[in-house]
Amino acid sequence: MQVSRTNKRPVSPVEVWTERGIQVLNRVFVRGIPNKMTELQLEILFGGMGYEVRNVRIVEDIKTGESKGYGFVTFRTEDEARKVQEMGVVQWNGRVLQLDRAVKRKTMLRLLKQQQQQFAMSQGTLPVYFMAQPPDSALPVLMEGQVWCQENQMLPIENWMPLMQG
């Protein structure tokens, strides 16, 4: 079992664009992490299965510092991450941890916004936002620094709901 002392080894993530965002192929999303579980314990859990863990991050609430119950484990290879992901779940002290793909969603939205702003500046205009997708599309739209998702139809505007602040 290989366990790092610092838990912050250099990592070269393998990233792929998907419809959900940028998927990091050598990273796994872990859901259902108990509040008392530490990053070292999570690293030991997967390291004890024979996988080489490169980095572990349990996401914490900024204000309280408490675990939000999910995190990310980065492995040496995408093959290791795929095998862990295929397990679907793993148990730790009687608790079930759910495993899934790690997707960078905010990064994708930030890149989209940056590209849109660069294009608008190159044209000497302010960005204009419009929905170019069919009404049944679930794709979000960036408007005035916020991401919007259409609930039902293209019109009226009251059916648009903000997803997150930009």
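The values are calculated or read from the model by the stated rules, or taken from the named source; none is laboratory data. Predicted, not measured: the structure shown is a model, and the values here were computed from it. Using ideal geometry, Cβ is built from the backbone for each residue, glycine included, and neighbour counts are taken over all protein chains shown.
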Exercise for the section: Restrict the check to segment 60-71 and report whether at least one residue is loosely packed, with under 14 Cβ neighbours inside 10 Å, among the acidic types (Asp, Glu) and assigned to a helix (DSSP H, G or I). Expected result: no
Handout entry: ILE58, sole failed condition from (1) at pLDDT 95 or above; (2) out of contact with any Asp or Glu (no Cβ under 6 Å at 6 or more places or on another chain); (3) over 20 Å from GLU78 (Cβ atoms)
Key = (2)
Handout entry: In segment 73-96, the residues that are touching a residue at least 60 places away in the same chain (Cβ under 8 Å), exposed (fewer than 14 other Cβ atoms within 10 Å of the Cβ) and over 17 Å from MET37 (Cβ atoms)
Key = none
